[in-house]
Structures are given as C-alpha cells and as structure tokens.
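The structure appears right after this line, and notes come after that.
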Amino acid sequence: MKQTNFFGLVLFFASLVIISLFVASGAIQAKEPVKIGAIIPITGTSEVEGQDMSRGLQIALDEINTAGGVLGRSLEVIVEDTETRPKSGLDAVHKLIDINKVPVILGGYFSSVSLPTGNYSNSQGVVQLTWSTSPALRKVGPFFFGICGTDELMAANTVKFAIEDARAKRFGIIVDNSAYGLGVLEFSKREIKKAGGEIVAEVKYEREKADYRPELQRVFAQKPEVVVGTLIGKDARTIFKQAYELGLKPQSGWYLSWISLATAPSIPETVEGVKGLIGRLKGKAANRFNEMYQEKYGAPPQTVWGHYIYDAVWLTALAINFANSPEPKAIKDALFKVAPVYRGVSGGGDKTFNADGMQKYEVYQRMVCKNGKLVIYQK
Amino acid sequence: MLVVEDVHKSFGAIKALDGVSLSVEQGTIAGLIGPNGSGKTTLFNIISGFYEKDAGNIRLNGKSIDGLDPFRIARMGLVRTFQVAKAPAKLTILENLLLAAKNQMGEKVLDNFLKPREIFRKEKENLNKALDIAEIIKLKRFKNEYAGNLSGGQKKLLSLGRVLMANPDIFLLDEPTAGVNPVLTLELVDVIVDIRKNLNKTFLIIEHDMNVIWHLCDLVNVLVAGSNLTKGRPEEIQKDERVLEAYLSGSKST
Amino acid sequence: MGVLYFFVYLMIMANVYGILSLSLNFQAGVGGMSNFGHVAFFCIGAYTSTLLVMLCHVHFLVGILGAFIASGLFAFLISIPTRRLKADYWAITTLGAGEIVRLFFLNESWISTGHYSGGPFGIRGIPRPWESIIPGNIYPFFYLFLTLLFLGLTYFILQRLINGPFGRVLKAIREDDDLPLSLGKNIHEFRVKTMVIGGAFAGIAGGLLVHYTTYVDPFFFMPMETFIVWAMIMVGGIGNNRGALIGTLIIQLLYYSTRFLKDYLPIEAQLLASLRMISIGILIVVVMLFLQEGLVKEKKRLY
Amino acid sequence: MLFQQIVINALIRASELGLLAIGLTVTYDILKFANFAHVEFACIGAFLAYTMNVTLGMNIILAGLVAILVVGVLSIFIDRLVFIRLRGASSIALMVTSLGLGIALRNGVRAIWGARIKGYAIGLQNPVELIGVRITPVQIFIILTSVISMVIIHLILKRTKLGKAMRATSANPALAQACGIHTERIVRWVWFMGASLAALGGIMIGLDTHLTPRMGFSVMIPVFAISILGGLGNPYGAMVGALILGLTENIGLYTDLGKILTLNGLIGNLTGLYIPTGYKLAISFIIMIVVLLWRPSGIMGKRER
C-alpha cells in the first residue's frame, strides 16, 4: 500500500511537469511578437536594484514599441526572477533558452548569476547582455556582452585623478566586497604604490547591512587625505549617510570609480562634492531617462541599473533591426556595429564594445557631485 | 557485586542524599524503599552515572565506576529502568526491544557494508529473542505498534522487556510494576525470580507495592530523607516500627 | 527537443538537491539534529572538488571523494559542541558556522586557480567529467545518469543505515538521550557519526553541482539554500528517505512550475515575482499545518 | 576617532537589535521555538509606520505607536490562524513553519510596498556634538526609546501579575494551568509583546537608515546570535548580548591586534594588524561560539543539569 502511494505520487508529479512543459512549448509556437528574455533579481538581496531594472526595461520597451517595434513586429520581453540566487538564475536561463527559445537574454546583475548563466547561453549560441561588473566576465565567450564597465583601468585613473587634483599621499580605500570591488582594490593599490603613496586603510564592506559605522571608522582611523574605491547602490546610500552623521570626510575628498553607482542612490546632501570617474561622456541622455522615469513612476530612479537595462533593450532592438533577423548569430555581429553609434543613458553614454564584447573606454570623464547632480569637474 | 559507600548529593541548598551506603550481593534481589523524596531515584541516577555525586564511592564488581558516563556503566553490566517509563514513540514495540540488545554489529557504520551477512544473522537471533520477551511481557500482539501508542502501564512492561533484552549482570528497576495490572504483576515477579534462579543475576528494585517487595527481596534497604534508616530481611523490615513511622511522617510532609 | 533538455536539467538539479535533502534528512529527520548550516557542507564539498580537480589535476572521481572527506571532516568539527549544547542553541550555532564558511571562501581570495579567481571572483572553467569523450548534445543525459548514480548510492547507503540497528539507535536518540544512554549506547559518538555521514554526502552534492555549472562562487551558498532544503524534507515527510526525495521534487517543481504559470498571467512581473515567493511560503505553512508529518509518513519497520 | 564615539555607535546598534532580540527571546520563553518569522514583524511595523507617516501625513511618533499596536494584533491573528494548530508540535516543525511564514510575509511586504528604498519624513538629520561625540537627535531618541522600553519590559516581567504568570507558564505550563493561569491568554500577550517589540526595533532601524522589504531578514542572523549569546528566553541576556555584539563589531574592527600582541610595542614591532572587515559578520558568530563553549546556555541562560 505504501508502494503504490509512493509511485502514484511520483507519477502524478512527473506527468504534471511533462504536461505543463508541452503546453508551454506549444503555446510558444504561435509567433507574433519578437520575444527576448530578461533575468532580473526581482526578489532577494538585490531586489532594490531589481525594481529599477524592471522599470527601465518597461520604459525602453514602451519607447521601442511606440516607435514601431523590431522587424515590423512588436518586441516582447519575458522577465524571469533570479531571486539573487545563482541556482534560480540558472533555472531561469534554462527555461528561457530551452522552452521559450529566445535569441537574446538580458541580465545577470550579479556575477554569481551572470557567469554561470553566461556559460550556458554562450554554449547554446544565445546572446546575453549583462550589466554585471566582474572582470572575470571577459572570458565567457563570443555571445556574451557586458554593457557596464568592468575596466579596472578606471581604478588606476581614479587614483591618478586624486593625485593630480589633491596631491594626495595618504590613501584610504573602500570597496564593495564583490568581484568588481576587488578588481578596483587591486588596481588602486598598484597605482598608489607606483606613485609612492601610502595606503592607511583598506576596507571591504559586505552588502546589505544596516550599519557601516565600524567600517567607516576603520577607513578614517588613520586620517587619510583622500578615500578612493567604489561604493554601490543602497549600501552607498547608507555609507554616505552614516559618514555624514559621524562627520567623517577625507580632508581632500572622495574619489570614486564609477561615481554614478554611488551617488545616484544617495541623499544629495551627503554626497555633495564627491568626485569620481565615469566612462566617456556622450550626450545628456541620462537626464532624459531620469525625466521619463519620474514621469512614469512619480519618483526618480534610486539606482543606475534602470539606465543599464534601458540601454541593453535598445541595443538589442537596434541590433535586431540592423541584422534584419532575430537570429542570435546575426544579432551578435550587429551589436558590434550599432553600439558605437548609439547614445546611451548609462555610464557616460558610450556603449562601444571591444573585441571581447566588453565595454571599451578611451577617455574617462572626471565628474563631481553638485546639488545631487553629476557635473563635469573643472578645477 | 554493587557497593555504594557514603554517597552525598545536594541540589542547591537541598540535600538529597546524605551519606547513603548499601551493597548488593551477586545473585540476590535487593529492595530499596522509602517515602517519597527520600532519595531513591536520585541514588539510582547516581549509580547509573546520570548524576554526578558530590562525595562517596561506588564499586561495581570491585571496580570503581566514579565519574563514568552512563553508557559505559551500562556496558559494564548495570542497566536501569526509569521511574517514568521511557519509550521512543516512533519505534515499534519490537524495535524498542531490539534497541536494547548488546554488542550489535549493525551499530557500527562500516560493518553494515562489510559484513552484511553476519549482521543479518545477528538481527535474526535478536529478533527471536525479542519475540520471546514480547511474549513474556504480554505485548506480542502489539509487536508492530508504535510504542507511543502504549498506556503508561504497558510502557512499564516494555521497559522491563528492554532490560531483559539487554541482559545485564545487575538490574536496577525503578518501580517496575507501577501501573501494571495485579495479575500481570504476579507473573512478572515470577519472571524475575526465575531469572535470578536460572541465570544467577542480581537485582536492585525500587518499589512502592510492598507485596512485590515482600515476595521478591532477599534484603530490603530503607532510605529516609537521604540517609539509611535501616536494612534487613523483608520480615524484619515489615515488623520495624521506625519504617512505618517514616512512611507516615513522610506522607504527611509531602 | 528543448523541452527534453529542460527536463534533463531539471532532473539533474533535483538529483543534486535530492542528495542534499537525503543527507539532511539523515541528520535531522532520523538523528533529530536541527542542523541549520547544511549549506556549509555543500560549500566545502564544492570548493574541495573544484580545487582538487583544477589545482592537483586529479580525476573528477577523486575530486568527489575529496569533497566527501573534507565535508565529513568539517561535520566532525561542527558536531563536537553537540555534547554540551541544547538543540536550539546548536541549531543557531550551525547557522552561524554556515555563514562563517561562506565568509571564509569570500574573503580568502588566495584560494584560487589564477588571476581573477577566488573570493568573489568565483572559480571559472571547472572541468566537466568525461567531457572530451562524450558529444555535447548527449552530455546532459550523461550527467543526469551520473547524478542519478550518486543519488542512488546515497539513498542505498543511508537507507541501509536507517533500516538497521544504527538507525534504530538514532531514532531513539532523536526523542530522548537518557534511554539509549541507559542501554549502553554512546549517543555522542552516534551523533558525531551521523553528522559526519550526512555532511560527507552533502559534500558530494556540492561537487556534482559545480562540475555541471563549471563555475562556483560563495554566493551559491547563502543561508537561504539551507532553508529550502529544510522545506523539502518537511514537506516530503521528515524521517523518511522517500519523503525527502518527494519533497525535493515538489519544492523544485513549485519553483519551476510557477515560472511557467506566470507566462499566462497578465500581471506585472514585479508583483508576480512577489506572489510566486508568497505562494511558496504559504505552501510550506499549509503543509506543516495539515500534514504535520509531511506527505509521506515515516516508514514503520515491520517484522 | 574617539573611543566615546565607538561606544556610542555600538550603543545605537545595540539599541536597534536589542529590541528585536528581546522580542524574540520573550516569545521563545513561552512558545519554546526559535521564530524565524520574528524579524518580519520588524519589517511590517516599519512599513506600516511609513504608510501612516509619509502617505497619510501622521506624526512619526503617533504613526510608530499605531504601527506597533497593529503589528501586535497581527501577530495574535497569525497565532490564531497558524500556530494555535501546532501547540505541542516539535520545535523543528515550528521553526520550519515560521520559516515558510517568514518567506510569505517578507514577499507580502514587497508585493504591497514595492522594493524601493524608503525613508520616514524626518529629513536628513544634522548631528550635534556632545562631549566630543557626534550623534543625531534621532539617534538619541533611538537609544532613549530602547532604554525606556527595556525598563518597561523589566517592570512588566517583575512587577505585574502578567509577568508572574508568564514566568510560571515558562517554567511549567501544565502546573501554571493547574494554578488557574489561563495559558492561552498568556501566549496571546507574549505574541503581542514580542511582535510589538520587533516592530519598535524595525521602526528604529528605519529611522536610523532606511526601509526595504529585506530590512528584517538582513538582521535575522545577528538577532539570533544576540538571543542565544544572552541565553534564549532571558530578556536581560538579550540586552547584554546586544551590547556585546555592538561593542565587538565596533571595537573588533577598530582594534590594532598588532599592538595588543606586542603589548603596545614592548616586544617586537607589529602594527596595522587588523581583523579584515569582510569578517565583520563572523566576529559575532565567533564570539557566540566561544561564549557557548564556555556557558552552553548563554551568558544569562537558565542552567540545566
């Protein structure tokens, strides 16, 4: 009796899956719109960032479809939640590729998600555009594109900026304890040593904590002249707020790589005068995006990730139209062609890819935060 | 066989045992009686290693068992039962009995895979023995019932069955017949007498049912308020007025 | 064909998590040890196998054996305090130990296989076993078979232990220390052995996962993974190996099927994702309320 | 950086987490299981206060009080709906149920309020300087509120009939019931107390930083560490545990181990040896494990056997 129970249950659930799979795959055959996939951390550790991603996606999609869509059809994005869990991210990508048969996948905000998913999409010949920031992404493969700078040369340039601007000798470094953060840490240290500077504090902070006062105290304990590094998202907001309340400020100021990652989510008063670098500035599209976002959702974006997914959707749409085909191979080739002429809203706006499919920078723009807005820095 | 010398134990300010001594000879049945709170169960817990004593000596077969873990004392041949009968609810009656068997090879992880045949044979042996014991304690028809579904008296029987299965040299039984029906109680008394006679085993029994004590014991120890009041043959104790007095005052105070 | 590949992927993951839930069931369901740091063994197994295969260039099977041993050793460490700690205290201690292991692999970035590897960079390019001799299009089927083999092995070994005298003692220990002690069972030794065996098998699961994803980093091993495995064994029926497997399938399917269901619901993705997680949470509660012993009750051993 | 500042920082952290941990430990004392959903009450409380404060324009203190009451009532409702059916179930079953409940509640908050970062309408706080310590008025308020609540809890436990009944129920539910204590009523009060303390803690965290649906979950592990550090079931232990956690996190990261090892330069010369900041979370666990090896029931836990 126990036996039948057990096998009955197994059979029941097995048949449930198979039926649902066939139903799902059958429904996809009727192809009206061009469908692409997106994996977004809607829930889990990165859900704050994920919300902006969902909204940025929607803004781009609305724009593209009112402008006539792609290939004369409308563009549709199947959004899957990664729960900020690598395994769920893999589940999502397998579903998108195996069942929905999408040619392009957007996303993988977190390198723990984008690397394994990238491995799979690349092996299946599906294009993936990610805004994850790990330097390890470069080696994934030809179908894998990065649209957020993973270029640690920027870290070296940030240190140069601090040296030239403030004649700094004593450095504090604070970075996000992530692949990108460690890259920044390594390159900053190398550059500081080359210039004969002294590193008085080196802090890696853990994500999603409510209290960064101990970390801040460590950074400022030996009174650094400048603090370099990178801060990201809602944690940047907490860090700047707590630094402001504790009255902790480097004598000659903050110099941050990818400054917009840190300043966009923060309270304006707390980031006044923070300096840093972004990629080559190209147009003023970022402000246009912010206005659209404000208009649609009644509040400004809290992180910059909406900007990145917006660019990813647009690049994909342009590439599909340029290639005149929804085939991954053609889209992959077309992406290299459309990126240099596209004016983006994320980073500095320049989205040109290098041969690895990563972002390519010839110039870094020095910026400073004034009244909550990033403006070009002039001494 | 078992010698307890001048054992002391206090819980905070309360002195539970204040210099208790007793000894049990090989092949005898000793009784331990006394009013509630006189320290009988505490003494059992100390002998079997569950409590640490404050002072005193305990020797088993001439060897000191001070500070040994309960399981080591059990392996040396002293197995006890509990006042409130314990019976793992999710094990069947038979499993409960099998649990008690000594030196089971199947309890060693690797042997399960290296010597499966021997283990199978040993299990079969134990199983037959367990079935016999289930018969003795009249629980055979419930053999595949979860022990959790038994009544209090049945659990008492089961604990007795487990000790029989464990087959130690000395049995420490804490109220073995509480809650067991009178007819069965008499049968159990016979079982104990048989075991003593045929296998020359030793018993130390706490019991409130005086009939059982008078029937079974060769020697009765009386504890009052944590110290020895007296000891002697059942018929002597029966006549001793101090014992009666202690019981009366004891029941008054509780 | 895509459907088939998806199904194969799903089953590979179910097998990996199946090994995890079997091993947790052995510790928690049969041995009664509320281990909330199970992901630590998963993590140690994954890293050990990765490093052995990539740095010492040993064969995949040796890597898995290494994972088995290393996680077993860690389980030995973590089980030492059980002698002193009460169950609830120990549960939270294991939760902490799991996080310490994750933080170790996150911060000690010298544990790596080269540049841009180790720590948060993760480790890329973990070789898949026998990849060179098996054509790519049937590789997933092969790996499914491989994981099934390990799942079967785990099931066989644990089932044998549970059904024998060893499991009997464990089930007694689960409820109460004193009785087995009074019968001469060294309960501490039994607990340590249980933790070590369960931990070692969880290590195998870790190795199997990363040799398929070809990538590992510390974020694979957040505390949430432990909670999911707990949900699996509770839903399926604690104390029963089949229950653990069925629970694994059900929780897995719940995670997957909600993805398909949502394609037909005209709700905004944001809200939908929340609703999906809410329904997973509620299902766990409902199962606990109405099927307190899970879908499959603990099996009674009949003689 | 002054030493006083470090102590104050630790105190702020301890006040926030302490409230949560006391709530957890009080419910544990009666219900005998570690409630994984406890921290979600903090989150719900903080968001309810947000709605009243920002959307409805209520004063923050009033909004906070209402939110605390609502969460307290909500917890009783959840108890009637879920946990009442599990009285006497194993603590593992209860823990897993609370785990599922926690997932549902956390995602429920996101479904209702969205994932965006939110803050109360109190503006950016400018710090004041007292005896060389920089502290914002809100942070003073947080410390005071938490001290006052702890005193109130102490008075409830020691001076009221409810407190006595609670202690009796905790020690022996059957006996308490036999002595005429309505244990189910005590259970309801305990839920109310525990959840509203959590809500208060959540609002404090929200005042100090910001609100997200994961604000509860992200402090869950430290809160558990605090409760068992102090001894599960003992509210005073939770206070001490919170203080220890706050101090070790702050001092631990700030202390130059090199100086300590060389006795401030007496033997050898070794400075700049700090605990890597990546291990901040691990510090509290290591302290916890060390304490438990020394005292298996926590610093102020009930000793057994």
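A few points about this structure:
- Scope the range A:133-146; condition within 8 Å of another protein chain (Cβ to nearest Cβ) and within 12 Å of the chain's Cα centre (by Cα); matching residues: A:Ser134
- Residue check, B:Pro116 facing another protein chain (nearest Cβ under 10 Å) and without any contact (Cβ under 8 Å) to a residue 12 or more places away in the chain: yes
- Among the criteria (1) without any contact (Cβ under 8 Å) to a residue 60 or more places away in the chain; (2) at the interface with another protein chain (Cβ under 7 Å from one of its Cβ atoms); (3) within 30 Å of D:Gln125 (Cα to Cα), the one D:Ala282 does not fulfil is (3).
- Any hit, the range C:170-188, residues being of a type in the set (Lys, Arg), within 13 Å of chain B (Cβ to nearest Cβ) and assigned to a helix (DSSP H, G or I): yes
- Test result for A:Ala60, more than 12 Å from A:Ala38 (Cα to Cα) and more than 7 Å from chain C (Cβ to nearest Cβ): yes
- Matching option when the condition is in the same structural domain as A:Lys160 (by TED's automatic domain parsing) and closer than 17 Å to D:Lys280 by Cα, among A:Arg237, A:Arg207: A:Arg207
- Restricting the range D:128-140 to residues that are surrounded by fewer than 17 Cβ atoms within 10 Å (Cβ to Cβ) and either on the phi < 0 side of the Ramachandran plot or at pLDDT 90 or above (or both), the residue that is nearest to the chain's Cα centre (by Cα): D:Ile140
- Residue satisfying all of: in the range A:120-132; in a loop (DSSP other than H, G, I, E, B) and more than 11 Å from every other protein chain (Cβ to nearest Cβ); surrounded by the fewest Cβ atoms within 10 Å (Cβ to Cβ) among these: A:Gly125
- Count of residues meeting criterion [part of a helix (DSSP H, G or I) and either within 14 Å of another protein chain (Cβ to nearest Cβ) or in contact (Cβ under 8 Å) with a residue 60 or more places away in the chain (or both)] in the range B:162-183: 5
- Identity of the residue in the range D:109-123, within 7 Å of another protein chain (Cβ to nearest Cβ) and buried (at least 22 other Cβ atoms within 10 Å of the Cβ), that ends up nearest to A:Ser46 (Cα to Cα): D:Ala115
- Every residue from the range A:46-58 that is buried (at least 24 other Cβ atoms within 10 Å of the Cβ) and of a type outside the set (Ser, Thr, Tyr): A:Glu47, A:Val48, A:Glu49, A:Gly50, A:Gln51, A:Asp52, A:Met53, A:Gly56
- Checking every residue in the range A:75-84 against the condition of being part of a helix (DSSP H, G or I), under 18 Å from A:Thr303 (Cα atoms) and touching a helix residue (DSSP H, G or I) at 6+ places or on another chain (Cβ under 9 Å) gives zero matches.
- In the set C:Leu148, C:Leu95, only one residue is surrounded by fewer than 22 Cβ atoms within 10 Å (Cβ to Cβ), outside any loop (DSSP other than H, G, I, E, B), away from chain B (no Cβ under 14 Å) and touching a residue at least 40 places away in the same chain (Cβ under 8 Å); that residue is C:Leu148.
- Helices (runs of 4 or more DSSP H) contained in the range D:1-108 and holding at least 1 residues within 20 Å of the chain's Cα centre (by Cα) and free of Cβ contacts under 8 Å to residues at least 12 places away in the same chain: D:60-81
- Spans of helices (runs of 4 or more DSSP H) in the range D:174-287 with at least 2 residues closer than 23 Å to A:Glu208 by Cβ and out of contact with any strand residue (DSSP E or B) (no Cβ under 6 Å at 6 or more places or on another chain): D:183-208, D:220-230, D:235-254
- When the helices (runs of 4 or more DSSP H) confined to the range A:150-250 are screened for residues that are more than 13 Å from chain D (Cβ to nearest Cβ) and without any contact (Cβ under 8 Å) to a residue 60 or more places away in the chain, those reaching at least 1 such residues are found at A:153-166, A:179-194.
- Qualifying residue in the range A:66-74 (condition: buried (at least 21 other Cβ atoms within 10 Å of the Cβ) and not in a strand (DSSP E or B)): no
- Residue among C:Pro140, C:Pro127 that alone is in contact with a Ser or Thr (Cβ under 8 Å, 6 or more places away or on another chain), more than 30 Å from B:Ala101 (Cα to Cα) and in contact (Cβ under 8 Å) with a residue 24 or more places away in the chain: C:Pro127
- Among the residues of the range B:139-152, those that are in a loop (DSSP other than H, G, I, E, B) and either in contact with an Asp or Glu (Cβ under 8 Å, 6 or more places away or on another chain) or exposed (fewer than 15 other Cβ atoms within 10 Å of the Cβ) (or both) comprise B:Asn144, B:Ser151.
- Filter result for A:Lys234 (closer than 25 Å to A:Gly44 by Cβ, in contact with a Pro (Cβ under 7 Å, 6 or more places away or on another chain) and basic (Lys, Arg)): yes
- Subset tally (residues that are within 13 Å of chain C (Cβ to nearest Cβ) and farther than 18 Å from C:Ala172 by Cα) for the range B:128-161: 6
- Filter pass, D:Leu157 being hydrophobic (A, V, I, L, M, F, W, C) and crowded, with 18+ Cβ neighbours inside 10 Å: yes
- Members of the range B:33-51 found to be surrounded by fewer than 15 Cβ atoms within 10 Å (Cβ to Cβ) and either modelled with pLDDT of 90 or more or of a type in the set (Ser, Thr, Tyr) (or both), listed by number: none
- Screening A:Tyr109 on (1) assigned to a helix (DSSP H, G or I); (2) within 13 Å of chain C (Cβ to nearest Cβ); (3) within 25 Å of C:Thr113 (Cα to Cα); (4) not acidic (Asp, Glu) shows it passes everything except condition (1).
- Pairs with Cβ under 8 Å, 6+ apart, first in the range C:162-191 and in contact (Cβ under 8 Å) with a residue 24 or more places away in the chain and farther than 18 Å from B:Leu158 by Cα, second among the hydroxyl-bearing types (Ser, Thr, Tyr) and in a helix (DSSP H, G or I): C:Leu170/C:Thr194; C:His188/C:Thr82; C:Arg191/C:Ser79; C:Arg191/C:Thr82
- Among the numbered conditions (1) touching a Leu at 6+ places or on another chain (Cβ under 7 Å); (2) in contact (Cβ under 8 Å) with a residue 12 or more places away in the chain, the only one that D:Thr262 does not meet is (2).
A quick yes/no check of all residues on (1) under 29 Å from C:Phe36 (Cα atoms); (2) surrounded by fewer than 18 Cβ atoms within 10 Å (Cβ to Cβ); (3) touching a Lys or Arg at 6+ places or on another chain (Cβ under 7 Å):
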| site | (1), (2), (3) |
| --- | --- |
| D:Leu144 | no, yes, no |
| D:Asn172 | yes, yes, no |
| D:Gly180 | no, yes, no |
| D:Glu184 | no, yes, no |
| D:Leu200 | yes, no, no |
| D:Phe217 | yes, no, yes |
| D:Pro222 | yes, no, no |
| D:Leu243 | yes, no, no |
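The values are calculated or read from the model by the stated rules, or taken from the named source; none is laboratory data. Being a predicted model, the structure only gives us computed values, none of them experimental. Positions of Cβ are generated from backbone atoms using ideal geometry, with glycine treated the same way; all protein chains shown enter the neighbour counts.
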